[in-house]
Amino acid sequence: MKNIKKIKDLRVYVRAAAMSRERIGLVPTMGCFHEGHLSLIRKSAEENDITIVSIFVNPAQFAGGEDFSRYPRDMETDEALAREEGVDYLFSPLEDEMYPPGYGTFVEVGELGRKLCGKSRPGHFRGVATVVLKLVNICGPDALYLGQKDAQQAVILRKMINDFNMDVEARILPAVREEDGLAMSSRNRYLSPAERASAPALYTALCEAKQAVLEEGLAPVEITRQIRESLSRAEGMDIDYAEVVSPADLEPVRDAGRPALIAAAVKLGGARLIDNVLLNCEEL
Ligand code: AMP
């Protein structure tokens with residue numbers, strides 16, 4: 001495995017791979033790997049000749065006052081894990097390499113970026129889409145590996161790929177969870193022991209809501225109410241949103257029989273947790 005910091009150095013390998021018609025998988029991450037990241041890496045290694053994993057804590061997707069400076073970073077462990085998983089190239093550029101002085105072009109993601117998490121994180125998805133577009137241009141992948149845990153991100157990136165006629169396939173994989181159901185996230189380490197104990201209530205509430213739809217035909221407005229009620233009983237949780245939306249356009253779904261994404265976000269101590277479950281469909 002090679003750990004590469006410069007775009008021009010990575011391009012030498014990407015060009016060689018293209019010449020020999022090797023299939024490239026790209027896994028974009030902000031590092032501090034957990035099993036969720038590793039599941040994407042393993043899938044890419046299985047489906048491609050070459051796997052590139054990027055580690056870049058992207059300043060463009062953090063608003064002022066968010067956790068950019070304290071976001072966990074652990075390059076040494078990540079490098080060892082990537083090596084173990086058979087990653088070919090770890091791309092870990094410095095900030096200036098991705099956004100040199102005078103940098104000025106950003107992806108406008110439109111309405112999708114203003115829904116759900118976009119309401120409390122304006123500009124977040126503009127930053128995500130911009131860095132992923134750049135990474136795809138740098139790495140020339142055939143497939144891009146994304147987690148369904150960040151469902152809105154996956155929907156927005158899939159749309160960007162389509163809208164910009166990008167020649168890459170989005171592979172969206174299920175969330176990997178702790179034994180108690182909490183979706184793995186680098187931000188879980190912000191939780192105190194007491195907060196960590198109440199964190200699984202988020203996934204439990206989503207699962208119970210889904211169950212209530214399937215068994216009792218609960219209507220989407222009722223689903224939202226039930227999730228809010230359930231979360232308000234969990235110690236220390238401050239609800240940001242709980243919504244039932246279409247996976248296609250993130251618009252609210254009114255008919256409980258249609259494919260839907262039941263998504264919620266909460267603040268719990270110093271962490272913002274998001275999670276979702278799918279209803280009437282197997283994948284996003
Ligand atoms: P991050 O490093 O948090 O930006 O995540 C990098 C990629 O890993 C994104 O595509 C995420 O959706 C995905 N990811 C994060 N958490 C999980 C998880 N628990 N299970 C599966 N994929 C995940």
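The values are calculated or read from the model by the stated rules, or taken from the named source; none is laboratory data. Just so you know, these numbers come straight off a predicted model, no measurement behind them. Using ideal geometry, Cβ is built from the backbone for each residue, glycine included, and neighbour counts are taken over all protein chains shown. Ligands, DNA and RNA are excluded from the accessible area calculation, which covers all protein heavy atoms including side chains. Shrake-Rupley method; radii C 1.70, N 1.55, O 1.52, S 1.80 Å.
As an exercise, use a Förster radius of 41 Å and the Cβ-Cβ distance of SER246 and ASN3 to find the FRET efficiency, rounded to the nearest 0.05.
Numbers: r = 41 Å, r/R0 = 0.99.
That pair, SER246 with ASN3, gives E of 0.50.
Here region 121-212 is treated with +1 on each Lys and Arg Cβ and -1 on each Asp and Glu Cβ, and its dipole about the Cα centre works out to around 280 debye. Working value for region 55-134: equivalent-ellipsoid semi-axes of 26, 15, 13 Å, each the square root of 5 times a Cα gyration tensor eigenvalue, largest first.
When nucleic acids and ligands are ignored and a 1.4 Å probe is applied, ARG70 ends up with an accessible area of around 130 Å².
Using the rule -39500 (n - 2.57) for each DSSP H run of four or more residues, divided by the residues of the chain, the 222 nm mean residue ellipticity is -11500 deg cm²/dmol. Separation of region 175-225 and region 231-278 by C-alpha centroid, Å? Centre-to-centre distance over Cα atoms comes out at 9 Å. Each Lys or Arg adds one and each Asp or Glu subtracts one; over the other residues with Cβ under 12 Å from the Cβ of ALA154, this totals +2.
Evaluated with a Cβ-only charge set (Lys, Arg +1; Asp, Glu -1), region 23-108 carries a dipole of roughly 100 debye about its Cα centre, given to the nearest 20.
Quick check: with the 1.4 Å probe, what order do ASP78, ASP88, ASP96 take by accessible area, largest first? Let's see the in-between values first.
Details: ASP78 5, ASP88 50, ASP96 105 Å².
I get ASP96, ASP88, ASP78, largest accessible area first.
For the chain, the relative contact order comes to 17 percent (Cα pairs under 8 Å, sequence separation of at least 6).
One compactness figure for region 1-128 is 1.14, namely its Cα radius of gyration divided by 2.2 N^0.38 Å.
Within 10 Å of each candidate Cβ there may be at most 12 other Cβ atoms; applying that plus a DSSP loop requirement, which GluC sites (Glu not before Pro) in region 234-284 survive?
Answer in residue order: GLU235, GLU282, GLU283.
Backbone geometry of region 233-249 corresponds, through the Karplus equation with coefficients 6.51, -1.76 and 1.60 at θ = phi - 60°, to 3J(HN,Hα) couplings of 7, 7, 4, x, 8, 10, 6, 8, 8, 9, 9, 10, 10, 6, x, 6, 10 Hz, x marking Gly and Pro.
Between GLU169 and ALA143, LEU144, the built amide H atoms are under 5 Å apart, and every one of these is 5 or more places off in sequence or on another chain. Here the chain is assigned +1 on the Cβ of each Lys and Arg and -1 on the Cβ of each Asp and Glu. Its dipole about the Cα centre then comes out at about 700 debye. For the chain, carbon and sulfur atoms together expose 47% of the accessible surface, with a 1.4 angstrom probe and every protein chain in place.
Close amide-amide hydrogen proximity is noted between ASP275 and ALA264, each under 5 Å apart and 5 or more residues distant or on a separate chain (H modeled in the peptide plane; Pro and chain starts excluded).
Listed highest first by mean packing, meaning other Cβ atoms within 10 Å per residue, what order do 187-195, 222-230, 149-157 come in? Provide the component values of the computation, followed by the final result.
Values: 187-195: 15.1, 222-230: 17.8, 149-157: 23.7.
Output ranking for 187-195, 222-230, 149-157: 149-157, 222-230, 187-195.
Solvent-accessible area per residue in the chain equals 47 Å², computed with a 1.4 angstrom probe and all protein chains kept.
Each principal axis of the Cα cloud of region 167-284 was taken in turn, and the coordinate range along them, longest first, works out to 41, 39, 23 Å. The alpha carbon centroids of region 120-139 and region 51-67 are separated by 9 Å. To check you understand DSSP bridge types, tell me what percent of the beta bridges within the chain (both residues inside) are antiparallel, rounded to 5. So the antiparallel bridges in the chain amount to around 50 percent. Alpha-carbon geometry of the chain: the Rg and the Dmax are 19.1, 58 Å, given in that order. Pairwise Cα distances in region 1-71 exceed 15 Å in 62 percent of cases.
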